[in-house]
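Sharing a structure, written as structure tokens. Questions coming.
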Amino acid sequence: MARIVVVGSGIVGLAVARQLAGRGDDVIVLEKEPRIAQHQTGRNSGVIHSGLYYPPGSAKARMSVAGARSMTRYAQERGVAVETCGKLVVATDESEIARLHVLAERATANGVPARLISATEARESEPEVSCVAALRVESTGIVDYPGVCEAMVADLLAAGAELRLGESFDSARTEHGSIVVETSSGRLTVDALVNCAGLHADRIAAACSVDPGARIVPFRGEYFELVPERRSLVRGLIYPVPDPRFPFLGVHLTRSVTGEVHAGPNAVLALAREGYTWTDFRAADVADALSWPGTWRLGVRNIVPGAREVVRSLSRAAFARSLARLVPGITAKDLVPAPAGVRAQALRADGQLVDDFLVRSAPHQVHVINAPSPAATSALEIADHVVRQLDEVVAA
Ligand SMILES: Cc1cc2nc3c(=O)[nH]c(=O)nc-3n(C[C@H](O)[C@H](O)[C@H](O)COP(=O)(O)OP(=O)(O)OC[C@H]3O[C@@H](n4cnc5c(N)ncnc54)[C@H](O)[C@@H]3O)c2cc1C
């Protein structure tokens, strides 16, 4: 039995803590906020991704395919709202058909059940959609992620773990084979540390003298919601064919387990790591992003699409036009703003986004540096991987 501190009570930290506590370790979860899951986990699309998009053999592909099953099973077992409703990826004109076929091949390579269908068949499940062809993916689902987190907290507390809300990690050092952790409330001496701090994961690694190998750049994803009387325009989940040059999926339409229809998220650089609006500005976060050479390299390469995202962020009409490509009946009048989320995306110094999940270890420490989408889907699989890594670095 080891005494282990887990930093962060998003879905990844809670899944790790639950697994460690469940096998008998003495676990303390540190969370700087007064409540669990206040950042990425509590502000996402609520989708259980099938594993369709990711390069075959990548951690994202493996852990998303397995995670879609394990997350659905966990939610069902714990009475959390979940539904395997499937989704449509729609080609809105002929120029997107070749990319739709590439996506279908990738689905096959990843073992994801997906089928190319005609526009007529697509309209049988989504009567308001506009497309020339579509990919129907059966294993995509929707779930109440905050509900999953509450179930995980119940599990870890039942197994004897301690959840310290409102206590932040400050720094850590290794002393005689133990780790001495300084927190906002005092000092802890533990056998091992796991960093699942999402938007702050790179800083926490650095505060443990571990090179994160990348910097977290915050990309805000803004959402609208369809007004209740227009929700009938969308029955399930409707996605565009993603542009392979960009890391995000493009604004899409998703029905939640409680029946609302969300539209978004777009992707704009946030002016604070937890910057949920244009007026949330934190000089230290902006300086961090601008002093990283990768940010400039990424910006120069993506100046046109980046500007387009800013326009869509500032203009509801532009946002509505993107949605109307998928469902022509949607207009700006049908949209009301909904809370935004901020993605923690790791960026290398050369300007390349870290595509896959990135976990780094050091003696007695494991750091989850890059866990963007589909990390909520994959949380139980990431936890399994992190616990195995931890066992290796503790035994070494
Ligand atoms: C807009 C958006 C849409 C998304 N949609 C989906 C989706 O539909 N499906 C999907 O699978 N994934 C989706 N994702 C991705 C998914 O939400 C994240 O990958 C996942 O939630 C990451 O969880 P986490 O625990 O790593 O991070 P977080 O949920 O961000 O948790 C990190 C926690 O660490 C805490 N913390 C940070 N610093 C400290 C410190 N110093 N001391 C103590 N605590 C600290 C934070 O307060 C926070 O609670 C989406 C993400 C966004 C932003």
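The values are calculated or read from the model by the stated rules, or taken from the named source; none is laboratory data. As the structure is a prediction and not an experimental result, all values here were calculated from the model. In this analysis, Cβ positions are derived from the backbone assuming ideal geometry, glycine residues included, and neighbour counts consider all displayed protein chains. Side chains are part of the model used for accessible areas, which takes the heavy atoms of the whole protein and leaves out ligands, DNA and RNA. Shrake-Rupley method; radii C 1.70, N 1.55, O 1.52, S 1.80 Å.
Can you give me the number of residues within the stretch 341-396 that are open to solvent by less than 40 Å² (accessible area, probe 1.4 Å), part of a strand (DSSP E or B) and closer than 21 Å to residue 207 by Cβ?
Total meeting the criteria: 14.
Filter the stretch 319-340 for residues that are within 16 Å of the ligand (Cβ to nearest atom) and open to solvent by 50 Å² or more (accessible area, probe 1.4 Å); which is nearest to the chain's Cα centre (by Cα)?
Result: 339.
To continue, here is another question. So if I check each of 84, 72, 92, which one is touching a residue at least 40 places away in the same chain (Cβ under 8 Å) and in contact with a Lys or Arg (Cβ under 7 Å, 6 or more places away or on another chain)?
92
Yes or no: the stretch 306-320 includes at least one residue that is closer than 30 Å to residue 14 by Cβ and not small (Gly, Ala, Ser).
No, there is no match, as no residue in the stretch 306-320 is closer than 30 Å to residue 14 by Cβ and not small (Gly, Ala, Ser).
To continue, here is another question. Name the residue that is farthest from residue 46 (Cα to Cα), counting only residues in the stretch 73-99 that are hydroxyl-bearing (Ser, Thr, Tyr) and surrounded by 15 or more Cβ atoms within 10 Å (Cβ to Cβ).
Among those residues, the one meeting the criterion is 92.
Now a separate question. Filter the stretch 207-234 down to the residues that are within 16 Å of the ligand (Cβ to nearest atom) and assigned to a helix (DSSP H, G or I) and list them by number.
Selection gives 207 alone.
Right, here's the next one. Find the strands (runs of 3 or more DSSP E) located wholly in the stretch 125-206 whose residues include 3 or more that are in contact with a helix residue (DSSP H, G or I) (Cβ under 8 Å, 6 or more places away or on another chain) and of a type in the set (A, V, I, L, M, F, W, C), and list them.
The qualifying strands (runs of 3 or more DSSP E) are 133-137.
Only one of these conditions is not met by residue 84: (1) hydroxyl-bearing (Ser, Thr, Tyr); (2) in contact with a strand residue (DSSP E or B) (Cβ under 6 Å, 6 or more places away or on another chain); (3) within 12 Å of the ligand (Cβ to nearest atom). Which number is it?
(3)
Before we move on, is residue 202 open to solvent by less than 40 Å² (accessible area, probe 1.4 Å) and more than 17 Å from residue 390 (Cβ to Cβ)?
Considered against the rule, which asks whether it is open to solvent by less than 40 Å² (accessible area, probe 1.4 Å) and more than 17 Å from residue 390 (Cβ to Cβ), residue 202 comes out as yes.
Something else now. Scanning for something crowded, with 19+ Cβ neighbours inside 10 Å and in contact with a Leu (Cβ under 8 Å, 6 or more places away or on another chain), does the stretch 276-289 turn up at least one residue?
yes
Still on this structure, I have one more. What are the residues in the stretch 8-38 that are hydrophobic (A, V, I, L, M, F, W, C) and on the phi > 0 side of the Ramachandran plot, if any?
37, the sole residue that qualifies.
Take the conditions open to solvent by less than 60 Å² (accessible area, probe 1.4 Å) and at positive phi and apply them to residue 46. Does it pass?
yes
Oh, and also: Filter the stretch 12-39 down to the residues that are surrounded by fewer than 24 Cβ atoms within 10 Å (Cβ to Cβ) and within 20 Å of residue 274 (Cα to Cα), then identify the one that is nearest to the chain's Cα centre (by Cα).
Only one residue fits best here, namely 39.
Only one of these is basic (Lys, Arg) and within 16 Å of the ligand (Cβ to nearest atom): 273, 348, 297, 316. Name it.
273
Please enumerate the residues belonging to the stretch 155-186 that are of a type outside the set (Ser, Thr, Tyr), on the phi < 0 side of the Ramachandran plot and open to solvent by less than 50 Å² (accessible area, probe 1.4 Å).
155, 156, 159, 161, 163, 167, 169, 172, 179, 180, 181, 182 - these are the residues of the stretch 155-186 that are of a type outside the set (Ser, Thr, Tyr), on the phi < 0 side of the Ramachandran plot and open to solvent by less than 50 Å² (accessible area, probe 1.4 Å).
Anything in the stretch 296-344 that is modelled with pLDDT under 95 and of a type in the set (Val, Ile, Thr)? List them, or say none.
300, 303, 304, 310, 311
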